[in-house]
1. Within the range 105-152, track down each residue that is under 14 Å from Ser67 (Cβ atoms), part of a helix (DSSP H, G or I) and at pLDDT 90 or above.
2. Among (1) of a type in the set (D, E, K, R); (2) surrounded by 14 or more Cβ atoms within 10 Å (Cβ to Cβ); (3) closer than 30 Å to Thr22 by Cα, where does Lys47 come up short?
3. Of the residues in the range 70-92, how many are buried (at least 17 other Cβ atoms within 10 Å of the Cβ) and not in a helix (DSSP H, G or I)?
4. Hey, can you tell me all the residues within the range 28-51 that are closer than 24 Å to Leu134 by Cα and either without any contact (Cβ under 8 Å) to a residue 24 or more places away in the chain or in contact with a Cys (Cβ under 9 Å, 6 or more places away or on another chain) (or both)?
5. From the residues in the range 12-48 that are assigned to a loop (DSSP other than H, G, I, E, B) and in contact with a helix residue (DSSP H, G or I) (Cβ under 7 Å, 6 or more places away or on another chain), which one is farthest from Gly137 (Cα to Cα)?
6. Give all pairs with beta carbons closer than 7 Å in which a residue from the range 1-15 that is in contact (Cβ under 8 Å) with a residue 60 or more places away in the chain meets a residue that is among the polar types (S, T, N, Q); count only pairs at least 6 apart in sequence or on separate chains.
Amino acid sequence: MPMQLILTQDVPHVGSAGQLVTVKNGHARNYLLPKGLALSATKYNVKKLEHDKAVIARRVAKQRDESESMANRIGGMTLQFERLVGEGDKMFGSVTARDLAAQLAVAGIELDPRKVVLSEAVKAVGKYEASVKLAGGVTASLKFWVVGKEAE
């Protein structure tokens, strides 16, 4: 039986903060409610939501502004990775989203490696681009180089 909830935060594929949504009972009880992502849509909570919509809107706007400033910082960066290469500039291993997140952490930008999206596997020397999904639907473009060093 479907359940009506009020979302307290943006939830991918469900809805945005402050929205009244109908979801399956199991999804609500096992995921949304325990993690504090939603509230039951009781009469009291609906009235409270109408009162809190301004607070939620300010919080979402602040989060979006922070994400946009972080996206500008990320967009202005160019990272460089040095990897061992063999014949034909073929790398031993690859550069992963986790490597990119670790390099960003060194630069002072902490984020989850799952937010970094590589369009292709990075297994050769060259210039690449990755997208970084930030809060509020903001996406940043991250450029990086992979340079090779000869195995000794």
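1. Lys115
2. It is condition (2) that Lys47 fails.
3. So the answer is 5.
4. Correct list: Tyr31, Pro34, Lys35.
5. So the first thing to find is which residues in the range 12-48 are assigned to a loop (DSSP other than H, G, I, E, B), and the list is 12-14, 16-19, 33-37, 41-42.
Now narrow it down to the ones that are in contact with a helix residue (DSSP H, G or I) (Cβ under 7 Å, 6 or more places away or on another chain): 17-18.
Values: Ala17: 13, Gly18: 16 Å.
Restricting to residues being assigned to a loop (DSSP other than H, G, I, E, B) and in contact with a helix residue (DSSP H, G or I) (Cβ under 7 Å, 6 or more places away or on another chain), the top hit is Gly18.
6. Asp10/Ser16
The values are calculated or read from the model by the stated rules, or taken from the named source; none is laboratory data. A quick note: this is a predicted structure, and the numbers were derived from the prediction, not measured. We place every Cβ from the backbone using ideal geometry, glycine too, and count neighbours over all the protein chains shown.
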